[in-house]
1. Go through the range 31-69 residue by residue and tally those that are in a loop (DSSP other than H, G, I, E, B), over 23 Å from the mean Cα position of the chain (by Cα) and surrounded by fewer than 10 Cβ atoms within 10 Å (Cβ to Cβ).
2. Can you name every residue in the range 175-194 that is in a strand (DSSP E or B) and over 14 Å from Gly146 (Cβ atoms)?
Amino acid sequence: MAYLNNATLTVDAILTKKGRELLAKGQGFNITQFAIADDEVDYTLYTTAHPLGTDYFGSTIENMPVLEASPDETQNLRFKLVTLPRGTKEMPIIVIGYPSIVLAAGQSAPVRPQTNVSGVSSGLNTDGYTAILGDSSAAILTGTGGTGARTTVPTFLSDTQSANAAVATGTEFTLVAKDVDVQKVTTLTIIGNQTGAAITVTVTVNPKAV
């Protein structure tokens with residue numbers, strides 16, 4: 001991780017393996033999707049008490065260094081900027097109807113996320129959701145519907161966590177508890193691919209009663 005000189009307009013990009021392959025062949029490629037984030041911005045530095053007046057309220061923020069591009073999504077682009085309908089006054093939240101999920105081995109639970117703004121369903125789920133089950137040894141996670149791989153979001157998992165997690169995309173999900181010998185407690189995180197809104201609930205899987 002390093003900083004860029006923010007005194008000039010800079011575009012810093014890292015090509016994927018496919019992008020490098022096309023570039024090596026002399027082929028052009030068009031950017032069809034990109035993400036913008038403000039991970040490096042500390043908004044507490046905005047001050048209305050600056051002695052030089054309103055033009056300088058945000059001067060500290062504007063002069064902060066900018067992070068260079070990073071291929072590690074667990075360290076960058078955690079706070080993506082999103083486009084919401086004009087007039088939106090509150091950030092979207094995700095509701096799934098469960099404060100937590102408790103299953104016995106073999107049982108299943110449907111998870112149908114909904115994106116709400118001001119307590120009302122917003123319809124901001126055209127790109128579906130990404131679901132992350134922290135421990136795949138506890139349950140099977142599947143997703144259906146939505147645009148699938150067209151939109152992705154950071155999972156913020158380390159290599160060790162990724163090895164144990166299960167990730168699925170869709171508009172609806174199903175959890176099926178595995179046949180476990182001991183109780184397993186993990187988490188299920190649902191992230192809106194369009195808005196970046198997220199919710200995390202605890203998932204508990206109990207062994208079958210003897």
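The values are calculated or read from the model by the stated rules, or taken from the named source; none is laboratory data. Keep in mind that this is a model prediction, so the values were computed, not measured. Quick reminder, even Gly has a Cβ in these numbers, built from the backbone with ideal geometry, and neighbours come from all protein chains shown.
1. So the answer is 5.
2. Residues satisfying the conditions are Leu175, Val176, Ala177, Lys184, Val185, Thr186, Thr187, Leu188, Thr189.
Every residue, every condition in (1) assigned by TED's automatic domain parsing to the domain that holds Phe34; (2) modelled with pLDDT of 90 or more; (3) under 22 Å from Asp39 (Cα atoms), yes or no:
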| residue | (1), (2), (3) |
| --- | --- |
| Ala104 | no, yes, no |
| Val117 | no, no, no |
| Val120 | no, no, no |
| Ile140 | no, yes, no |
| Thr147 | no, no, no |
| Thr151 | no, no, yes |
| Val185 | no, yes, no |
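Here's the yes/no breakdown for (1) touching a Ser or Thr at 6+ places or on another chain (Cβ under 6 Å); (2) at pLDDT 95 or above; (3) in a strand (DSSP E or B):
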site: Thr160; (1), (2), (3): no, no, no
site: Ala163; (1), (2), (3): no, no, no
site: Ile199; (1), (2), (3): no, no, yes
site: Thr204; (1), (2), (3): no, yes, yes
